[in-house]
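Okay, so here's the structure we're looking at.
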Amino acid sequence: MSNAGIDRISFYTPRYCLDLKLLAEAREVEWEKYSIGIGQDVMGLPPPDEDVVTMAASAAKPILDAVGAEDIELLLFATESGVDQSKSAGMFFHGLLGLPSRCRVVEMKQACYAGTLALRLAALMVADSPGKKALVLCSDIARYDLGSPGEPTQGCGAIAMLVSADPSILVLDDECGVHAEDVMDFWRPNYRDEALVDGKYSTRIYQACLREAWSQYAALSGRTVSDFAHFCYHIPFTNMALKAHDRLLKGAGVTEGRRELVEQAVGQSLGYNRLTGNTYTASLYEGLTCLLDTSAEPLDGKRLGLFSYGSGAVGEFFSGTVVPGYRRSLFGDAHRSLLDTRTALTVAEYEDIFNLCLPSDGWDYSFSQYRTGPFRLSGVKEHKRLYEVAAL
Ligand code: COA
């Protein structure tokens, strides 16, 4: 049995956003559909000089500044918004952050699920190599067609997790429940920038995967819903997480007071996602970060249940115990400040940025400097992406 898990966790979201009240007005939809029906308030937006590499680098920088990069021997970059068909987004990251040359790097993809496999593989590696560390990056930009049902759930952000054999934040339990099934609920063909989705079907598959993964996990671990202080879910939109937990409780035979129980178990993890929108691979871990950062109740020694879902589809239920003293290792103030200091755009500005796609004609381009984090994509030259430290 290993003690491996999350030693540090840091979140980044770009510096622009759109208040969904404005989007509701523009699309002639009642604002309550977004805020109550879907459970989203604001959508995070990346400027043209930000992508999954710069977001991941900005998420990871505070961790590397705090603990250094010397012992990192594995870098797993989970994304479904990759920037190259061959070179891993992780190699661009490796160069930007100056990681050691003795560090394996690979990009992983299975819709929003890949970060969870990355975390488990990283935990296995560090448990086997005491003193060595792994960096797991989850970074994504959620894009749907303008005016489509998915539009108000768009978002962007990245999570960086340092994984060690003796972690400061969350020790992962060995047991997990997994359910995989080949379905077409959400996908993005190589020729499209926007995802295609059978939205209602995807919510049903999410629930089916949760049911199967949970029952497997419960049988393996002998735990019941009352063994967990909180639950964190993959959050395509926050009401999905609430509905999923309601179904879990119903399946476990809870008949009364479910609304309050759901709010108590899941509510505290949703605040950041309401303000960023869907961050795909990062969304489960954004929820975990929000819970750890904002819970007034100390979570030391408490067990958390986590459900990861990636369309297509794979679901995994797993768990972990919060390490006593975890608060000393969080970056909560920085996260709050990021969310509080974004530039709010109009719908016209949002649509302009949305339509500004990276050129694919092979010509050389350089981008104007927008508000970014510490790193930016400065342009493209001879088909090569050029990254740089931003002049902040
Ligand atoms: N006030 C309050 N609630 C309202 C409302 C209003 N004025 N108008 C609508 N609603 C509610 C609906 O009743 C519905 O609630 P319910 O799900 O509890 O029934 C909810 O808002 C959504 O509205 P609905 O019309 O059913 O959905 P939609 O066609 O706009 O699409 C999704 C919703 C989730 C399918 C769509 O956002 C989507 O495709 N998202 C991308 C895929 C995704 O996130 N999948 C999840 C699994 S990964």
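The values are calculated or read from the model by the stated rules, or taken from the named source; none is laboratory data. On a predicted model such as this, the values are computed, not experimentally measured, just so you know. Positions of Cβ are backbone-derived with ideal geometry, glycine not excepted, and every protein chain shown enters the neighbour counts. Remember, those area values only see protein heavy atoms, side chains included, never the ligands or the DNA or RNA. Shrake-Rupley method; radii C 1.70, N 1.55, O 1.52, S 1.80 Å.
Once you've got the Cα coordinates, tell me which of 250/302; 61/384; 87/109; 109/381; 33/200; 87/384 are over 19 Å apart. Show your work: numbers first, answer last.
Values: 250/302 23 Å; 61/384 23 Å; 87/109 13 Å; 109/381 27 Å; 33/200 15 Å; 87/384 11 Å.
Correct reply: 250/302; 61/384; 109/381.
As a length-normalised measure over Cα pairs under 8 Å and 6 or more apart, the relative contact order of the chain settles at 25 percent.
Subtracting the Cα-Cα distance of residue 327 and residue 166 from their residue separation scaled by 0.36 nm leaves 56.4 nm.
Looking at the chain, the accessible area is 42 square angstrom per residue; that uses a 1.4 Å probe and ignores ligands, DNA and RNA.
Looking at the chain, the DSSP beta bridges with both ends there are about 75 percent antiparallel. Note on the range 184-201 and the range 253-277: Cα centroid distance 27 Å, given to the nearest whole angstrom. The distance from the alpha carbon centre of the range 22-40 to that of the range 66-144 is 36 Å, rounded to a whole number. How much net charge surrounds residue 164 when only the other residues with a Cβ under 10 Å from the Cβ of residue 164 are counted, with Lys and Arg +1 and Asp and Glu -1? Residues near residue 164 contribute 0 overall. Of the chymotrypsin sites (Phe, Trp or Tyr not before Pro) in the range 294-392, which ones lie in a loop per DSSP and count no more than 12 other C-beta atoms within 10 Å? Taking the range 294-392 and a limit of 12 other Cβ atoms within 10 Å, the loop chymotrypsin sites (Phe, Trp or Tyr not before Pro) found are 363.
Within the shell of other residues whose beta carbon sits under 15 angstrom from the beta carbon of residue 2, the net charge comes to -3, with Lys and Arg scored +1 and Asp and Glu -1.
Per-atom-type breakdown for the range 75-136 gives carbon and sulfur 51% of the accessible area (1.4 Å probe, protein chains only). What distance in nm separates the two pseudo spin-label positions at residue 256 and residue 392, each 7 Å out from Cα along the beta-carbon direction? Those two pseudo-labels are separated by 5.3 nm. With the helix formula -39500 (n - 2.57) applied to DSSP H stretches of n ≥ 4, the chain reaches a computed 222 nm mean residue ellipticity of -10500 deg cm²/dmol.
Compactness of the chain was expressed as the Cα radius of gyration divided by 2.2 N^0.38 Å, which yields 0.93. Across the range 1-141, Cα pairs under 8 Å and at least six residues apart give a relative contact order of 28 percent. Among 22-32, 116-126, the peptide with the highest mean count of other Cβ atoms within 10 Å heads the list, and the full ranking is 116-126, 22-32. Count the net charge of all other residues whose Cβ sits under 15 Å from the Cβ of residue 181, scoring Lys and Arg as +1 and Asp and Glu as -1. For residues surrounding residue 181, the net value is -3. Less than 5 angstrom separates the built amide H of residue 155 from those of 142, 278, all sequence-distant by 5 or more or on a different chain. Only one residue of 177, 339, 115 has its Cα farthest out toward the positive end of the dipole of the chain, where Lys and Arg carry +1 and Asp and Glu -1 on Cβ, and that residue is 177. The slack between residue 224 and residue 365, meaning 0.36 nm per residue of separation minus the straight C-alpha distance, is 45.2 nm.
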